[in-house]
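The values are calculated or read from the model by the stated rules, or taken from the named source; none is laboratory data. From a predicted model like this one, the values you see are computed outputs, not experimental measurements. No Cβ is skipped: glycine too gets one built from the backbone with ideal geometry, and neighbour counts run over all protein chains shown. Side chains included, ligands, DNA and RNA excluded: accessible areas come from the protein's heavy atoms. Shrake-Rupley method; radii C 1.70, N 1.55, O 1.52, S 1.80 Å.
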Amino acid sequence: MDRDFDTVRGSPPGILLIRSIRGKDWRFSTYRYVVLFVTFVAYASYHASRKPSSIVKSVLYPEPTNKDNGLVLPWLGQFSIKTVSGGNESHHHHHHRLRDKGWAPFNTKDGTSKLGEIDVAFLACYSLGMYAAGHLGDRLDLRLFLTCGMIGSGVFVALFGMGYFWNIHVFGFYLGMQMVAGLFQATGWPSVVAVIGNWFGKGKRGLIMGIWNAHTSVGNISGSLLAASVLDYGWGWCFIVPGAFIALAGVLVFLFLPAYPEDIGFSSPHGSAASLEAVPNDDEANMGKGIGVESETNIPRAGSVSRTGVGLLEACTIPGVIPFALCLFFAKLVAYTFLYWLPFYLSQTEIGGEYVSVKSAGNLSTLFDVGGIVGGILAGYISDKLNARATTAACFMYAAIPAMLLYRRYGSISHNINIVLMMIAGLFINGPYALITTAVSADLGTHSSLRGDSRALATVTAIIDGTGSVGAAFGPLLTGFLSTKGWDAVFVMLMVCALIAGLLLSRLVISEISEKTCKPSVSSGRRSFGAPASQPLLSDQR
């Protein structure tokens, strides 16, 4: 079995090394764990490197925030108010000497709008860059593409922080660094989902990806803690440390991430070379033994580096891509509005007859994320069991409407009620968002309508998530204007958006339900053992 392993191009060097030390190869399932772990760390580091700007804002623009101030400037709510869970408040007394100065060019009257512009620029480059990244990700070697994206992100995030040491006060410098960083950051998501999609067939994909999707929150929290811990040494370090962290994670990806099973001599769980999904559930066991691997190594191998990509327009024609992309636009709009404005909302409303401090508002708002993690896992699990992704996503979106209504109405009764209702809202809002960006994207990227061995994983993920990211930028912006009219207006907007998100999936839901009712044989026979290898597409139409 070792015969031609080392000649396989594109094998990660770290894995070759371990293989030569052990003298034998790992089982397929072991590689799956490695892939899950490395991609988890990779994407958590992407998120950690986006976080520092929100912590540093109060240092760059030192004016104490007035309540009305936050309402007028849409992007302020996101930052000045968000105190990070974990020891941020202890730093404030060190900063009285800095409080007065801030950091030019951000310490002037229009400092907040300058900070806002930087965020808009970052998000714009990020969502545009994503379409390009998906296009490239399906054509280039994903491992090298991801490595470059991560090291590039690290460099430009760190350069933003170097402005502190080089004493740079030119607005254009900071704007430029954030924009380039945004482009590099866009490489992350399409690539990571594509790698997971390559390794996991559709059977348990929803649950696995639901659990794996916790990297977002892990990254946010660790980024906040990292940045807050070095703030005392000068704000520049808040960017340099996470920048170094993502670059190191990039090296880890380079050494240990096999982007395609073929890269290390296994056949793919859904290529034309193998219809292994025809085997019930335990495909790991069969693949792990490396059955017939040598004989097929050369066939899929050729396709792995010089894969045929799929054009953006062609990817849009895959049934379901457009509805899910539009649904995510609204789902992400709701999710990000909560992410950015919840700390501010919490500090603005009476809970149990008293206002919470800005600090505890920041801590409290992380519980929304906790509910979100549970929601992602739950949505993935349910959609696997029912084998109906669209129906699950739509039901969660509809359920989010009463959840938000209850939170607005009864959240102010007491702390405990607020926390419970907040977590329930987080669960229903984040569930479909997590499901669509992960399992749905991976399913559509390996859709049966694709010809032959062509892959559209990264492209499809990019179309769906790129569209979603535009929504993510819109939500907090709109909230900035609406919150001047009162929070009820904001919640009405959020509920309308959740409703639209659910309705956009109606056609897919109807077709899923009719498929279940008309052809019961589909679900029972969808893993028939006798699926002939000569018709690999059948095994993909589950």
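Among the residues of the range 463-519, write down those that are of a type in the set (V, I, T), surrounded by fewer than 18 Cβ atoms within 10 Å (Cβ to Cβ) and under 28 Å from E314 (Cα atoms). Break it down stepwise before answering.
Here is the first cut: in the range 463-519, the ones of a type in the set (V, I, T) are 463-464, 467, 470, 479, 484, 490, 492, 496, 500, 509-510, 513, 517.
Then drop every residue that is not surrounded by fewer than 18 Cβ atoms within 10 Å (Cβ to Cβ), which leaves 484, 492, 496, 500, 510, 513, 517.
Within the range 463-519, I500, I510, I513 meet the criteria.
In the range 3-16, how many are touching a helix residue (DSSP H, G or I) at 6+ places or on another chain (Cβ under 8 Å) and either more than 20 Å from T147 (Cβ to Cβ) or at pLDDT 85 or above (or both)? I'd like the intermediate steps shown before the answer.
Residues of the range 3-16 that are touching a helix residue (DSSP H, G or I) at 6+ places or on another chain (Cβ under 8 Å), as a first pass: 3-6, 8-15.
With the extra rule that they be either more than 20 Å from T147 (Cβ to Cβ) or at pLDDT 85 or above (or both), the set shrinks to 3-6, 12-15.
Looking only at that region, the number is 8.
Which pairs have Cβ atoms under 6 Å, sit 6 or more apart or on different chains, and link a residue in the range 217-245 that is over 12 Å from F165 (Cβ atoms) to one that is aromatic (F, W, Y)?
If the second residue must be aromatic (F, W, Y), the pairs left are V230/W237.
Could you tell me which residue of the range 108-134 is farthest from G172 (Cα to Cα), considering only residues that are assigned to a helix (DSSP H, G or I), open to solvent by 20 Å² or more (accessible area, probe 1.4 Å) and not hydrophobic (A, V, I, L, M, F, W, C)?
Filtering first and then ranking leaves Y131.
Which residue pairs have Cβ atoms under 9 Å apart, sit 6 or more places apart or on different chains, and have a first residue in the range 356-384 that is more than 15 Å from M423 (Cβ to Cβ) and a second that is open to solvent by 60 Å² or more (accessible area, probe 1.4 Å) and among the small types (G, A, S)?
none
From the set of residues in the range 335-354 that are assigned to a loop (DSSP other than H, G, I, E, B) and modelled with pLDDT under 80, which is least open to solvent (accessible area, probe 1.4 Å)?
Applying the first criterion (assigned to a loop (DSSP other than H, G, I, E, B)) to the range 335-354 yields 349-350, 352-353.
The next check asks that each one be modelled with pLDDT under 80; those that pass are 352-353.
Details: G352: 45, G353: 60 Å².
So the residue we want is G352.
Check the range 496-509 and report whether any residue there is free of Cβ contacts under 8 Å to residues at least 40 places away in the same chain, over 25 Å from the mean Cα position of the chain (by Cα) and within 29 Å of R205 (Cβ to Cβ).
No: zero hits.
Those residues that are at negative phi and open to solvent by 70 Å² or more (accessible area, probe 1.4 Å), I need them from the range 165-178; list them, please. Full working, then the answer.
At the first step, the residues of the range 165-178 found to be at negative phi are 165-166, 168-178.
Across the range 165-178, the qualifying residues are F165, W166, H169, V170.
From the list F184, F200, pick out the single residue that is among the hydrophobic types (A, V, I, L, M, F, W, C) and touching a Lys or Arg at 6+ places or on another chain (Cβ under 9 Å). Break it down stepwise before answering.
Details: F184 fails: touching a Lys or Arg at 6+ places or on another chain (Cβ under 9 Å).
None of the other options fit; the residue is F200.
Counting only residues that are open to solvent by 20 Å² or more (accessible area, probe 1.4 Å) and modelled with pLDDT of 70 or more, how many does the range 87-104 have?
The number of residues fulfilling the criteria is 3.
Could you check how many residues of the range 414-433 are under 17 Å from the mean Cα position of the chain (by Cα) and either over 26 Å from L504 (Cβ atoms) or among the hydroxyl-bearing types (S, T, Y) (or both)?
1
Which of the residues spanning the range 452-498 are outside any helix (DSSP H, G or I) and charged (D, E, K, R)? If you could, list the steps in order and put the result at the bottom.
Initial filter on the range 452-498 (outside any helix (DSSP H, G or I)): 452-456, 486.
Correct list: D453, R455.
Looking only at the range 140-162, decide whether some residue is within 21 Å of S441 (Cβ to Cβ) and open to solvent by 50 Å² or more (accessible area, probe 1.4 Å).
Within the range 140-162, one or more residues are within 21 Å of S441 (Cβ to Cβ) and open to solvent by 50 Å² or more (accessible area, probe 1.4 Å).
In the set Y407, Y398, which member is over 26 Å from M209 (Cα atoms), of a type in the set (S, T, Y), part of a helix (DSSP H, G or I) and in contact with a Leu (Cβ under 8 Å, 6 or more places away or on another chain)? If you could, list the steps in order and put the result at the bottom.
Numbers: Y398 fails: over 26 Å from M209 (Cα atoms).
Unique residue meeting the criteria: Y407.
Quick check: is even one residue across the range 410-417 out of contact with any Gly (no Cβ under 9 Å at 6 or more places or on another chain), surrounded by 21 or more Cβ atoms within 10 Å (Cβ to Cβ), at pLDDT below 90 and not charged (D, E, K, R)?
Yes, the conditions are met somewhere in the range 410-417.
Quick test of your reading of the structure: G23 fulfils all but one of (1) touching a helix residue (DSSP H, G or I) at 6+ places or on another chain (Cβ under 6 Å); (2) on the phi > 0 side of the Ramachandran plot. Name the failing condition by number.
(1) is the only condition that G23 fails.
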